[in-house]
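Nothing in this text is a laboratory measurement; each read-out follows from the coordinates by a stated rule. None of these values were measured; they are calculated from a predicted model. Neighbour counts run over all protein chains shown; Cβ positions are idealised from the backbone, glycine included.
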Amino acid sequence: MGYGEPTPVQLRAIPPALEGKDVIASAQTGTGKTAAFALPILQSLGGHGKLRCLILEPTRELAMQVETSIRNLARFTDLRVACVFGGVGYGAQRIALREGLDILVATPGRLEDHMQQGLVQLNDIRVLVLDEVDRMLDVGFLPPMRRIISKCPKARQTLFFSATLPPEIAGLADWALRGDAVRIEVGAARSVATMVKHGVYLVDASRKFDLLQALLEATDFQSAIIFSRTKHGADKIAKKLRGANHSVAVLHANRSQNQRIEALEGFKSGKYEVMVATDIAARGIDVAGVSHVINYDIPQHPEDYVHRIGRTGRAQQTGDAFTLVAMDEVSKLAAIEKFIGQKIERLEMGGFAVPAAGSFAPAKKALEPRLDGTRKRVFGKSRRSFGGRQRG
């Protein structure tokens, strides 16, 4: 299937969605994708009736976030919205399904469970939204997605969102979408949002945590997300940060659903100033006011770099992103720079400089954060300290 050239439209509301056309779309993170597809859907559904819209998400956190956004947008209508996902009991979800819904947001695994129990029928689905499809492929949801899609009516509208289109996803798009699907791209999928200032620190692996702590102490951050490659690494970083008097939330797949909800809600409310997370938080998690992202470990896949640092600089706010790069990660840094089509600025903090050797090029810019009783942003302009609190 050929989708033609991307249409350069603003992602305020997808015009083809209002016309009932199938859409395959990618958008730079932070551009308001959920509202762009939700508003036309709410308008087309009108009032309460049968289950007519199904939205598939790759993670519990994304499913809950999308359901909350749609519920807020639909609060002056009688449309009913609910969310089903794994990791929690079935009781409340069964009650919501039996009471009747117009819009269901779901992760594929739990949705199939409810379908097998006869609690969900997809015979009347008019709009199917496949969100973050590349991420669903990463977590092994392609087979259940195909089974779910096959249960939906062929005479439906499908909205297909994926940052990348590898062969497996292109094949799914060919099968799921009609031949006249409209291709939309908002912002370059491989580019970093212009509101984010980002740079890398080349550092010896044994001194990464010391550099992380120095950055947090030298930076007047509002709230920060620190990304670890592994769940064990995230727990280890969080434990050390707590020992340094930081209030820390942890988010990864080994946490219980209640722990994951508490971490996100606590981070959003300001209870925690730092959240240490794996890539489970890299896609779609929208927390207002995240001023800084720090990649403690460089991401495994280049596209995840764009998603990670897109957690800051959202909704036209500015943000800073730092990546700590050890010698054995330099090849991954080169892959990221090739992917985004630009060289990432090398930064340096006093006491942590790595001698230029091999692939470690000299830093372009030396940064000596001023510690004169006030916390300064490493990138110039000062920012109000987090919640007015002093860390002691």
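Of note:
- Potential extension, Y90-D78 segment - 0.36 nm per residue separation minus Cα distance: 1.9 nm
- Other residues with beta-carbon under 9 Å from the beta-carbon of A181 carry, at +1 per Lys or Arg and -1 per Asp or Glu, a net charge of +1.
- Sorting S223, S69, S206 from the fewest to the most surrounding beta carbons within 10 angstrom yields S206, S69, S223.
- Nearest-0.05 FRET efficiency for L142 and R178, computed from C-beta distance (R0 22 Å): 0.65
- Computed from backbone phi, the HN-Hα couplings of the stretch 92-99 come to 5, 5, 4, 4, 4, 5, 6, 6 Hz, rounded to whole numbers (Karplus: 6.51 cos²θ - 1.76 cosθ + 1.60, θ = phi - 60°; Gly and Pro given as x).
- Stretching the chain fully between K154 and T318 yields a gain of 54.7 nm (0.36 nm per residue, less the alpha carbon separation).
- Alpha-carbon centroid distance for the pair the stretch 195-268 / the stretch 111-132, whole angstrom: 36
- Compared with the direct C-alpha span, the chain from E262 to Q117 gains 49.2 nm at full extension, assuming 0.36 nm per residue.
- Neighbours of I261, meaning other residues whose beta-carbon lies under 12 angstrom from its beta-carbon, give a summed charge of +1 when Lys and Arg score +1 and Asp and Glu score -1.
- Diffusion coefficient, µm² s⁻¹, Stokes-Einstein with Kirkwood Rh over alpha-carbon pairs of the stretch 15-186 at 10 °C and 1.306 mPa s: 99
- Placing pseudo-labels 7 Å out from each Cα toward the beta carbon at A244 and Q43 gives an inter-label distance of 4.9 nm.
- Going from the fewest other Cβ atoms within 10 Å to the most, the residues V293, V276 appear in the order V293, V276.
- Sequence of R80, R156, R311 once ranked by neighbouring C-beta atoms within 10 Å, starting from the fewest: R80, R156, R311
- Simple spin-label estimate for F339 and A35 gives 2.8 nm between the two label positions (7 Å along the Cα-to-Cβ direction from each Cα).
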